[in-house]
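This report concerns only the one structure given below.
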Amino acid sequence: MSSPAFTTAAEGSVHDLPPRHIAVHPLTGHIGAEIEGPDLSRPLAPEVVEEIRAALLKWKVVFFRDQPLTHAEHVQLAGAFGAPTIGHPVFGFVEGFPQIYSVARDRFAGRHSGEPLIRPWTGWHTDVTAAVNPPAASILRGDVIPPYGGDTFWTNLATAYESLSPTLRGFVDTLRGVHSFSAPEGQAATDDFKEKNRRRPLVSEHPLVRVIPETGERVLFVSPSFLKRITGLSPRESQQILELLFEHITRPEFTVRFRWQKGSIAFWDNRTTAHLAPRDIYSLDFDRQLYRITLKGDVPVGVDGRPSTAIEGEPLDAFSAGTA
Ligand SMILES: [Fe+2]
């Protein structure tokens, strides 16, 4: 745990000023902006890094086009913004690049593995929230992209929190919940998935509302695929409140939908967003291959100042030789 976490803009720094080194094009009212200008295959000047970071804090997910990076360039880019973790703590990494996780289309289950139970929040999640310190950010790069289908959505969890009634905000401010890995709801897990999950169990308790240190924003930190129950409530109370919150965070006005192209990059703040890969790709015959690097995150802190706690498993540390 000695490596630096996701490094943050200094007090009073660039993030309220208009960018001078990049162009930021917002895509919706609440979330998502396309960034134009930098060549991400080359080392970035510190002021460019700061402006991208500021856009990320504001827009929660930023996109770049026509950046066909190699694995090594992807690792270099991620290192400018924080400390990459191992590709995935449970599901492994790309051969020769321990920081890179392969987001291949059929990595967990074949397309004929059965219809999942479809609810509005099916598949929505924030990355690795079963860890006590979920990644601060993820950088996902498009390599093999279908001609249509296989888009990704993100939702702004700060806006979702703000748009709850003050009374409900006051209630959820006091709650904590248990996050763990298990097969997505209604989806048959492969034996490989179950075995990997058994070998590295991860279970953590997080506040339902976390406070972001740089901005003071409160975020509805609910990750539908991983948040299993609210501490201290009966199972029925927990389920019904979670259903209300999960449905709330997936309202279309909080979201952005991204159409991938080869060489596209999506860089999101994993503390303030959840995302979804719709399953339309499983009804198509096209392949899709993305690669992801996640940056080490801090332990979330609730409105009352209490940090998250690990129930099972170790924190996600920055990758270093020997970690793998
Ligand atoms: Fe994800």
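One table, with the values for the structure above:
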item: ³J(HN,Hα), Karplus 6.51/-1.76/1.60, whole Hz, each residue of the range 151-159, x for Gly, Pro; result: 5, 10, 10, 10, 10, 8, 7, 6, 5
item: Sequence of ARG20, ARG279, ARG53 from largest to smallest accessible area, 1.4 Å probe; result: ARG20, ARG279, ARG53
item: Count, lysine Cα pairs under 21 Å in the range 14-312, 8 or more residues apart or across chains; result: 4
item: Phi-based couplings in Hz for the range 119-127 (Karplus 6.51, -1.76, 1.60; Gly and Pro marked x); result: 10, x, 9, 4, x, 5, 6, 10, 5
item: Förster-model FRET efficiency, 30 Å R0, ARG236 and GLU312, C-beta, rounded to 0.05; result: 0.75
item: HN-Hα J in Hz across the range 228-244 - Karplus 6.51, -1.76, 1.60, θ = phi - 60°, x for Gly and Pro; result: 9, 7, 9, 4, x, 9, 5, x, 5, 4, 4, 4, 6, 5, 4, 4, 4
item: Long-range HN-HN contacts of ARG229 with modeled amide H, under 5 Å; result: VAL178
item: Base-10 log of normalised Debye intensity for the range 14-312 (one unit scatterer per alpha-carbon) at q = 0.08, 0.09 Å⁻¹; result: -0.33, -0.42
item: ALA72 versus ARG20: modelled label distance in nm, points set 7 Å from Cα along the beta carbon direction; result: 3.4 nm
item: Residue list for the range 70-106, given a label point 7 angstrom along the Cα-to-Cβ vector of SER320 and an amide N cut-off under 17 Å; result: 79, 82-87, 98-99
item: Mean shadow area of the range 251-302, taken as a quarter of the surface of its Cα convex hull (nm²); result: 5.5 nm²
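The values are calculated or read from the model by the stated rules, or taken from the named source; none is laboratory data. In this text, all values refer to a predicted model and were calculated from it rather than measured experimentally. All Cβ positions, even for glycine, are placed from backbone atoms using ideal geometry, and neighbour counts span all protein chains on display. Calculation scope for accessible area: heavy atoms of the full protein, side chains included, ligands and nucleic acids excluded. Shrake-Rupley method; radii C 1.70, N 1.55, O 1.52, S 1.80 Å.
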